[in-house]
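So the structure is just underneath, and the comments pick up after that.
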Amino acid sequence: MDKLLDRFFNYVSFDTQAKANVKNVPSTEGQFKLARALRQEMIELGFEQVSLSEHGCVMGTLPGNVAWSVPTIGFISHLDTSPDFSGKNVVPQIVENYRGGDIALGIGDEVLSPVMFPILHQMLGQTLITTDGKTLLGADDKAGIAEILTAMVRLKQKNVPHGEIRVAFTPDEEVGKGAHFFEVDAFNAEWAYTVDGGGVGELECENFNAAAVTVKIVGNNVHPGSAKGVMVNALSLASRFHQALPDDETPENTEGYQGFYHLGSIKGNVERAEMHYILRDFEREGFEARKRKMIEVAQKVGRGLPRDCYIEVAIEDNYYNMREQVAKHPHVIKLAQQAMRDCDIEPLMKPIRGGTDGAQLSFKGLPCPNLFTGGYNFHGKHEFITLEGMEKAVAVIMRIATLTADRAKNKSSFS
C-alpha cells in the first residue's frame, strides 16, 4: 500500500486525456474509469465519506487521530492529462542513478537531452521516470494523486498526529472546466492545496488571468481568374489579423510575469477561417487591455469589408489570478513554507504561467495555493519526474498535516 512508484504507474496506465470544446464534464470516459478506481482504492484504504459525483469528482476523508480540535485542510489533484499530446498506452521508463547525458526514449528515436533541457544537470544521481517518446507521461497530475494518497497512507500507518484531512481528485483541469462543478461546501475544508506544480520547492499562489478567444472570419470566394474587386480571402484577413498583434508578446518570447497572446490553432479556406487564441496576463488591467486589443484589431482589419463579409470575435474568461484571494489568508502560504523548510527544502515562490483548479477554487471561497510534484516538461513526450522529488512532495504534504495539528494544539494563530 505504501509503494509510491507502483501507485503512480497504475494511474498513468489510464488514458485520461481531456478534450477541449466538449460540453460534458468529464470530457472523456477514461477520467471516469480512473475516478471509479480511486473511489474503490480509497474505500479499501479506510477513507470515510468517499464519494464520486456525476461529473467525475472523487472526494474522501482521512479522519483525524488527535483529541483536540484541528482545522480541516484539503489536498487536491486532477485526473485528466493535457489535450496537447497523447496519454494512451503510456510506457514509463525508469532511469536509476542518472549520470548525465542524453536519455534514449523508447528505441531511441527520441531523446531527453540536457542540451535542450538544462534542468537535467541538476538531476545527477537521481531516479528519473521518463516516457518512451510516444506519449506524455501523465505526471501532470497523476503524480499529485499518487503523492497525496501515499502521504495519507503513511500518516495512517505511522500514526502521525493530524486532524481531519479532505482529499479530492477533479476532472478536466486541463481544459478549465472541472472546477466549475467542484462543491466547495461538500468538500468542507478551511483551506486546501493543489498538488499540481513542477520542480521541487515550487510554491505558487498567483497565476495568469486567462481568456479564450475565437476569431471567425467570413470572406467571399470566387474564381481567382475573375477575383479582382470581388474576392475577399478569409485566410488573408486571418494573416493580417495575426500580424497586427505584438510579435514579441507570444509564449516563446515571454517569461516570468510577462503576459502573451497565443495562437493555438487556425483553420479555414478562402470563404471562412477560424482562429483560436488564449490570452494571459498576471495583472487585471493588462488582461483587460489584451481583450480590448483583440477587438481593436478586428475593427481595423475588418474596416471597409463588403456587407456580407465580417470578422467576429468571441471572448470567454477562463479564470483569474488567485493572488487577490490567497493574499487574504497568509497563514496558508506560511504553513507550506515552514513545512518545506522542515523537510530541508527551500521554498521557491514563483508565479504559475498557467492555471490550476486552485485559481477557480480560491474565488469560490477555498484558499488553494499550489505545491510541487517533482515533475518537469509537462504536456509532451519529454515529460519526466524524479522519484526523489515525488518522495519530497509526500513528505511536505505529511508535514503540512502535522504542523496544522501542532499549531492547533498549541493554540498558535492561523490568521
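The values are calculated or read from the model by the stated rules, or taken from the named source; none is laboratory data. What you see is a predicted model; the values in this text were computed from it and never measured. Cβ coordinates were reconstructed from backbone atoms using ideal geometry, including for glycine residues, and neighbour counts include every protein chain displayed. The area values use the complete protein model at the heavy-atom level, side chains included, leaving out ligands, DNA and RNA. Shrake-Rupley method; radii C 1.70, N 1.55, O 1.52, S 1.80 Å.
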Cα extents of the chain along the principal axes, largest first, in whole Å, come to 83, 49, 37
Rounded to the nearest 5, the percent of DSSP beta bridges in the chain running antiparallel is 75 percent
Ranked output for segments 219-226, 380-387, 334-341, 182-189 by mean other Cβ atoms within 10 Å, highest leading, reads 380-387, 334-341, 182-189, 219-226
With +1 at each Lys and Arg Cβ and -1 at each Asp and Glu Cβ, the charge dipole magnitude of the chain around its Cα centre, to the nearest 20 debye, comes out at 620 debye
For the range 109-256, shape from the Cα gyration tensor axes a ≥ b ≥ c, cut at a/c of 1.5 then a/b versus b/c, turns out prolate
Using eta = 0.692 mPa s and T = 37 °C, Stokes-Einstein with Kirkwood Rh from Cα pairs puts D for the range 79-160, in µm² s⁻¹, at 227 µm²/s
With every protein chain in place, the accessible area of L348 for a 1.4 Å probe, in Å² rounded to the nearest 10, comes to 90 Å²
Violations at 28 Å Cα threshold for listed pairs K88/K158; K23/K350; K88/K177; K267/K364 -> K88/K158; K23/K350; K267/K364
Checking the range 226-288 for trypsin sites (Lys or Arg not before Pro) in a loop per DSSP with at most 14 other beta-carbon atoms within 10 Å yields K228
Output ordering of 65-72, 84-91 (per-residue mean of other Cβ within 10 Å, highest first) is 84-91, 65-72
Relative contact order of the range 15-103 (C-alpha contacts under 8 Å, at least 6 apart) in percent is 32 percent
Candidate cut points under trypsin sites (Lys or Arg not before Pro) in the range 301-331, DSSP loop plus at most 12 other Cβ atoms within 10 Å of their own Cβ, are R303, R307, K328
